[in-house]
Amino acid sequence: MPVQLAQQLRNLGRYRQILVVLVRHGFADFVRHTGLSAVITKSIGSLGKRGRYEANLIKQPREVRLRLALEELGPTFIKLGQVLSTRRDLVPDEVANEFAKLQSECPAVDYADITTRLEQEFPGKVDEIFKSIEEKPLAAASMAQAHRAVLADGTEVVLKILRPGIEEILRSDMEILRFIASVVEDYFDNMGFDPVAVADEFARELEREVDLMQEARSTENLRTAFADDPGVDFPKVYWEATTKRVLCVEEIKAHLLSRVEPKDLSDEARHNLVENGARAVFRMTLDMGFFHADPHPGNIFVRDDGGIIFIDCGMVGHVDLATRMSIAELVYGVTKNDADMVMGCALALTDVDEDKIDIRRARADVQQLVDQFVGVPMDRIDLAQVLEDFFQTLRRYGLQCPADVVLLIKAMSTIEGVGARFDPDFDLVSFAHPYLARLIKERYSPKAIFRRMRATSNAYVKVLENIPSDIASIARKFRNNELKFDFELRSIEELIETAEAATDNVAHALLISSIIVASAILVHAAPEGTWGFLAIIGMVGFIVATVLAFGLVLRSWRHRRGSRIRVKRALKRRR
């Protein structure tokens, strides 16, 4: 994505900082290859003077050096790594595994800055809304930090407050990331992921992260949806103390699951914990289609009886009914050894044209996947592993699962990990079976089939109703000699553009040559040893020719670069 020159100049200092960190962590070749080294010439030149730390650092694997570089670059890049750790469709597995080690803890913001932020959000009303606010934060993450507080009516709450200035930092860093992503896409082939797609996905995630009203609405919606379930809960949102930059929720009086050991809970509580977590995740993902996308132990509180409370609903996923049915069909197709059904789910989930992939090879890989489960009962299939293997198969063919489907797989895998830790005997797949069966039944029940047939019939009726008016429109255009046919000839535009560019280059080259020849004649015709009118005109002609020649070389370079980029994108589309 192109970045305006003014933005690049404004961010020049940050550009230099990012590139220096990349060079120090062993990515100097990348910086040189992309042509960005001009920004940090001195740093590139001093690579031969590394200290012991830098020398040891270069010996680390690439993915480790990437993680360390992100940690050094600060909150935006730490968050980028955390997001990418969940997106195995965009980055290789080894990179995703390493990025999962990134920690979000950051130095706390001074309380004076927090009070300034609160005054900005609640001008003149802070003392009316809050009886007290603890100065020491509960936690300080890359985007926000949390403080205990007490509302005016005595209710104990937790405030999540965006770091002051974080929006400006994120906006600047995203401009830089988008620019670097476009450069990387132009200069490197076969990276295994789409850098521009990574930047765009990250930008969307950040937009959600810095709008705490979205998190408040998600929390409220999920709390309402589980109001009838005593084993699953979400925090209450206090809207009078919530804005886009401040979120106020009730303080949870329970144990954070990440700090609980299995031996700390009774057998019944452990079983209830896993059952409640599984029911919540499968109900959200397969029944509702709106789910908490990051249900790891650091975002779950557990009561003594095994009841659970989810917090931090900033990352949520949405999957429509058709997608949920495709996932259910995928698992059903695996159990029935039906590679065609599984392949159909792949094409439905990725919304790809069959002509753009090697369907025969893809089907063979899918058949190899389902053969692993021949004769295995459905209640013995690892659901998360099936979806993960399926997802990796898609990636080999350059097919990207929708982001929310990846989050759904992650949510299922995360809760499966909780179950394995606290109640290894709990049969998670059998527990999910009714949810999957309900979706499949909904798709193939007589009522559902009749509903689809009726919708299709209505569509055909509308087409038939429009035929007379369409024919009349065609006849009118034919009578008025307005009927036109448009044909799309692939790459013809590029061919015409290339021919025009070549013609222009020849014309400019002839013009430059003529100016040089004319200037030489004028200089030669001038009296020897004097700078008369003819000599001056001749020298001006040489200068003009030099400027025009430089412009011609630059224009040719830009055209070749643009052609190379278009070819790469065309090849990518064909794959």
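Filtering region 245-257 to residues that are hydrophobic (A, V, I, L, M, F, W, C), touching a Lys or Arg at 6+ places or on another chain (Cβ under 9 Å) and crowded, with 21+ Cβ neighbours inside 10 Å leaves V246, L247, C248, V249. The condition (being within 21 Å of V418 (Cα to Cα) and among the hydrophobic types (A, V, I, L, M, F, W, C)) is satisfied by just one residue among L256, L206, L212: L256. Scanning region 290-301 turns up at least one residue that is out of contact with any Leu (no Cβ under 6 Å at 6 or more places or on another chain), among the polar types (S, T, N, Q) and not assigned by TED's automatic domain parsing to the domain that holds A216. Going through region 253-267 one residue at a time, which ones are part of a helix (DSSP H, G or I) and either of a type in the set (F, W, Y) or more than 12 Å from G307 (Cβ to Cβ) (or both)? Selection gives S258, R259, P262, K263, D264, D267.
Just one of (1) surrounded by 14 or more Cβ atoms within 10 Å (Cβ to Cβ); (2) at pLDDT 80 or above; (3) among the acidic types (D, E) fails for D89. It is (2). Taking the criterion of being surrounded by fewer than 23 Cβ atoms within 10 Å (Cβ to Cβ), more than 15 Å from G307 (Cβ to Cβ) and in contact with a Gly (Cβ under 9 Å, 6 or more places away or on another chain), the residues of region 268-290 that qualify are G289, F290.
Yes/no matrix, rows are residues, columns are (1) surrounded by 21 or more Cβ atoms within 10 Å (Cβ to Cβ); (2) polar (S, T, N, Q); (3) touching a Pro at 6+ places or on another chain (Cβ under 6 Å); (4) within 30 Å of E168 (Cα to Cα):
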site	(1), (2), (3), (4)
W239	no, no, no, yes
T243	no, yes, no, yes
R259	no, no, no, no
H292	yes, no, no, yes
I300	yes, no, no, no
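Taking region 408-444, which residues are aliphatic (A, V, I, L, M) and under 11 Å from A328 (Cα atoms)? Within region 408-444, A432, L436, A437, L439, I440 qualify.
The values are calculated or read from the model by the stated rules, or taken from the named source; none is laboratory data. Bear in mind that the values here come from a model prediction, so they are computed numbers and not experimental data. Cβ: placed from backbone, ideal geometry, glycine included. Neighbour counts: every protein chain shown.
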